[in-house]
Amino acid sequence: MSDERYQPRVKNAGTKNSIQIGYDTEKLKQENRYRVKGQAFPKTINGFNWGAFLLTPVWGLFNNTPIACFCIILYLIPYLGILLGIVFSIYCGIQGNVWAWENKEWKDHFHFHETQRKWAIAGLITYIIIIAVLHIVTINMIQNFKSGY
């Protein structure tokens, strides 16, 4: 790679005896956090994680991210709980890929993307089922109300 992190930098180049050459070790350390069997952190991983957004607590348990389970506590707060839970779920969707990458072992980034895609599909199917059930229950309630119960 030919980016700036592998280029030597010169510190205190005021005099000939005070030249120190080194690498940007802080930047290398930061990027080495995101390693999967020697592979660098994929740049495409920073997208929105729909699985983390739609199935926040369940996704958190299976991706070694227990902070996502905090959503359950937020939903228990009267009145504001639903709003706070939705906001936290959005935050989990934004941070989900980074959390899952850091907290769980992956074979490579293809395995990571395939797994997170399955979570997104599972979340979508779950929400379709929930909406269908709520729709059926609502229709039954309206029909019972019209018929005099």
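The values are calculated or read from the model by the stated rules, or taken from the named source; none is laboratory data. Given the structure is predicted, the values throughout are model-derived calculations rather than measurements. Positions of Cβ are backbone-derived with ideal geometry, glycine not excepted, and every protein chain shown enters the neighbour counts.
Within region 127-147, does at least one residue satisfy the condition of being touching a residue at least 24 places away in the same chain (Cβ under 8 Å), surrounded by 11 or more Cβ atoms within 10 Å (Cβ to Cβ), outside any helix (DSSP H, G or I) and more than 12 Å from the chain's Cα centre (by Cα)?
no
Specify the residue that is farthest from the chain's Cα centre (by Cα); the eligible residues are those in region 74-99 that are within 17 Å of VAL58 (Cβ to Cβ) and of a type in the set (Phe, Trp, Tyr).
Per the stated criteria, the residue is TYR75.
What number of residues within region 65-93 are exposed (fewer than 13 other Cβ atoms within 10 Å of the Cβ) and touching a residue at least 24 places away in the same chain (Cβ under 8 Å)?
Summing the residues that are exposed (fewer than 13 other Cβ atoms within 10 Å of the Cβ) and touching a residue at least 24 places away in the same chain (Cβ under 8 Å) in region 65-93 gives 0.
Looking only at region 118-148, which residues are modelled with pLDDT under 95 and among the charged types (D, E, K, R)?
LYS146
Kindly check whether there is at least one residue in region 41-57 that is of a type in the set (Lys, Arg) and not in a helix (DSSP H, G or I).
No, region 41-57 contains no residue that is of a type in the set (Lys, Arg) and not in a helix (DSSP H, G or I).
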